[in-house]
Amino acid sequence: MQNKEQRTKQKEYRLLSIKSGFFLLCSMFYTLNTTAQCAMCRASLESNGNNTQAEAVNDGIVYLMAIPYILVGVIGIFIYKMYFKKK
């Protein structure tokens, strides 16, 4: 009886892994054109007239914003896997 329960849990875990992998893959290929500058940074950079510098600052802001989300996601996955290893 226990083997049947273990197989059922393994199937559920695999299905969850496939779903989360599909979501991750879709979210990696879906991008938006964002302008993540604050009003002060934007006004300062636009007054100089240097568009490449403004784009570089904008990209830097997006990268700085993404790092905490990536770290929280990795830690969440690690905790999730530890939780299922104990059972």
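The values are calculated or read from the model by the stated rules, or taken from the named source; none is laboratory data. Note that the structure is predicted; figures quoted are calculated from it, not measured. Neighbour counts are summed over all protein chains in view; Cβ atoms, including those assigned to glycine, are modelled from backbone coordinates with ideal geometry.
Every residue in the range 51-87 that is charged (D, E, K, R) and without any contact (Cβ under 8 Å) to a residue 24 or more places away in the chain, please.
Correct list: Glu55, Asp59, Lys81, Lys85, Lys86.
So, Tyr30, is that one modelled with pLDDT of 75 or more and loosely packed, with under 10 Cβ neighbours inside 10 Å or not?
Here the answer is no, as Tyr30 does not meet what is asked.
For the range 33-87, what are the residues that are at pLDDT below 85, under 30 Å from Lys9 (Cβ atoms) and surrounded by 10 or more Cβ atoms within 10 Å (Cβ to Cβ)?
Answer for the range 33-87, where residues must be at pLDDT below 85, under 30 Å from Lys9 (Cβ atoms) and surrounded by 10 or more Cβ atoms within 10 Å (Cβ to Cβ): just Phe84.
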